[in-house]
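The values are calculated or read from the model by the stated rules, or taken from the named source; none is laboratory data. Everything numeric in this text was worked out from a predicted model, so none of it was measured. Cβ sites come from the backbone with ideal geometry, for glycine too, and all protein chains shown count toward neighbours.
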Amino acid sequence: MPELIDRFGRKHSYLRISVTDRCNLRCLYCMPEEGMVFMEQERLLTYPQIVEVAEAAAKLGIRKFRITGGEPLVRPGLEELVAGLAALPGVEDISLTTNGLLLAKQAEPLKRAGLKRVNVSLDTMDAVRFKFIARRGELEKVWEGIEAAAEAGLAPIKLNCVLLKGVNEDEIGRFLKLSAERPIHVRFIEYMPIGHDDAGWRDHYLPLSRVLEEAARLGYELERAQGPKGSGPSENWRLTGGAGTFGLIHPVSEHFCTNCNRLRLTADGHIKPCLYWIDELNVKPALGSPEAMERLFLRAMDVKPENHEMAALLAGDPLSHVPTERRMSQIGG
Ligand code: SAM
Ligand code: SF4
């Protein structure tokens with residue numbers, strides 16, 4: 001069986017699966033407050049169709065699946081998909097990225113269906129600021145979700161924190177402290193310009209070198225750490241003696257693409273070889289034909305570019321290609 005190796009020698013073993021573009025929040029870095037037009041339900045892949053795509057991917061060496069969205073927990077019956085993925089031969093890891101609002105009720109059944117772990121997005125520990133960033137929802141519910149995930153044994157728990165200049169950069173210290181107090185992995189993520197206007201991004205983009213500067217200013221001692229399983233492109237650290245760890249994911253300010261091992265499947269059935277660029281491959285015509293599905297994944301390897309060009313965009317340099325028009329919620333992060 002062929003493997004998923006692209007033109008730059010990168011072997012692919014990870015597929016991020018988006019199950020919906022809908023969401024119960026409107027995070028300011030992800031989608032506009034009003035006016036989002038969502039995919040019609042009939043355009044979404046069904047769970048059996050997603051499992052069919054995943055089966056072809058698993059045969060080609062994909063070992064790890066992450067379910068994402070939009071908010072994946074707003075799509076009913078997600079356990080069915082988790083169980084379908086867990087039954088595929090060769091699958092080693094199934095995880096979920098969620099905003100946590102609906103996790104308290106679903107953590108236990110998802111774990112039973114075969115989910116291994118969760119990443120919960122948490123950009124602030126301040127309830128008022130939460131409403132400003134997410135524009136709706138309750139911070140308290142997110143914490144209930146995190147506690148339920150811990151109780152259900154969905155470990156290790158990772159918290160995704162997108163740092164925004166002038167919005168939550170003053171909470172870096174609080175998040176570092178949290179990573180020392182609890183066996184949690186805090187992932188600081190740079191704000192990426194995916195599918196939206198440059199101006200807002202430039203105003204709030206913050207390079208993650210700020211995290212290490214802030215740790216030094218606070219007098220925290222750090223040591224390099226082994227990230228928990230599935231840390232991907234993260235640079236990992238620990239506050240000396242801390243119970244947990246933290247990671248820096250800096251797609252804009254540091255080289256990020258060299259070891260890229262991931263593909264993405266959108267909720268409306270498109271393989272995206274790269275998060276940033278416009279190229280996509282529609283899986284729908286290949287449904288029902290394992291050979292056609294295999295050819296599609298191999299084609300994704302041929303068209304996958306070497307790099308995104310977010311740093312060039314920040315510097316105002318011309319881009320070599322056309323960026324995606326999809327929002328992050330329409331891709332899955
Ligand atoms: N709704 C779920 C959640 O928020 O965790 C899953 C989907 S969300 C698109 C996946 C991840 O992408 C989240 O951790 C979110 O913070 C991150 N994200 C969204 N827009 C982003 C952006 N412009 N730059 C960096 N990360 C972003
Ligand atoms: Fe929804 Fe996640 Fe996007 Fe926030 S980041 S609007 S929770 S999809």
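Determine, yes or no, whether ARG299 is surrounded by fewer than 16 Cβ atoms within 10 Å (Cβ to Cβ) and within 23 Å of PHE8 (Cβ to Cβ). Yes; evaluated as a whole, the condition is true for this residue.
Listed conditions (1) out of contact with any helix residue (DSSP H, G or I) (no Cβ under 6 Å at 6 or more places or on another chain); (2) surrounded by fewer than 17 Cβ atoms within 10 Å (Cβ to Cβ); (3) in a helix (DSSP H, G or I) are all met by VAL53, apart from (2).
Taking residues in the stretch 10-31 that are part of a strand (DSSP E or B), and partners anywhere that are modelled with pLDDT of 95 or more and near ligand 2 (Cβ under 6 Å from one of its atoms), the pairs with Cβ atoms closer than 8 Å and at least 6 places apart or on different chains are SER18/GLY69; SER18/GLY70. Restricting attention to the stretch 302-333, the residues being surrounded by 15 or more Cβ atoms within 10 Å (Cβ to Cβ), away from ligand 1 (no atom under 16 Å from the Cβ) and within 24 Å of LEU206 (Cβ to Cβ) number 1.
Quick test for you: out of ALA58, ALA87, pick the one residue that is under 21 Å from the mean Cα position of the chain (by Cα) and at pLDDT 95 or above. It would help to see each step written out before you state the result.
Working: ALA87 fails: under 21 Å from the mean Cα position of the chain (by Cα).
On inspection, the qualifying residue turns out to be ALA58.
Residues in the stretch 64-80: is at least one in a helix (DSSP H, G or I), at pLDDT 95 or above, within 18 Å of GLN49 (Cα to Cα) and not charged (D, E, K, R)? Yes, the stretch 64-80 contains at least one residue that is in a helix (DSSP H, G or I), at pLDDT 95 or above, within 18 Å of GLN49 (Cα to Cα) and not charged (D, E, K, R). Within the stretch 269-291, being within 17 Å of the chain's Cα centre (by Cα) and not in a loop (DSSP other than H, G, I, E, B) holds for HIS270, ILE271, LYS272, TRP277. Count of the stretch 16-47 residues, restricted to those that are away from ligand 1 (no atom under 15 Å from the Cβ) and closer than 28 Å to PRO233 by Cα, is 0. Which one of these does GLY69 not meet: (1) over 19 Å from LYS116 (Cβ atoms); (2) touching an Asp or Glu at 6+ places or on another chain (Cβ under 8 Å); (3) within 12 Å of ligand 1 (Cβ to nearest atom)? Only one criterion is unmet by GLY69, namely (1).
Looking at the structure I just gave you, is ILE194 crowded, with 19+ Cβ neighbours inside 10 Å and either assigned to a helix (DSSP H, G or I) or out of contact with any Phe, Trp or Tyr (no Cβ under 9 Å at 6 or more places or on another chain) (or both)?
Numbers: crowded, with 19+ Cβ neighbours inside 10 Å: yes; either assigned to a helix (DSSP H, G or I) or out of contact with any Phe, Trp or Tyr (no Cβ under 9 Å at 6 or more places or on another chain) (or both): no.
No, not satisfied.
Residues in the stretch 213-235 that are on the phi < 0 side of the Ramachandran plot and crowded, with 17+ Cβ neighbours inside 10 Å: GLU214, ALA215, TYR220, ALA225, GLY227, PRO228, SER231, PRO233, SER234, GLU235. Only one of the listed residues (ARG136, ARG112) is within 12 Å of ligand 2 (Cβ to nearest atom) and either small (Gly, Ala, Ser) or surrounded by fewer than 17 Cβ atoms within 10 Å (Cβ to Cβ) (or both). That residue is ARG136.
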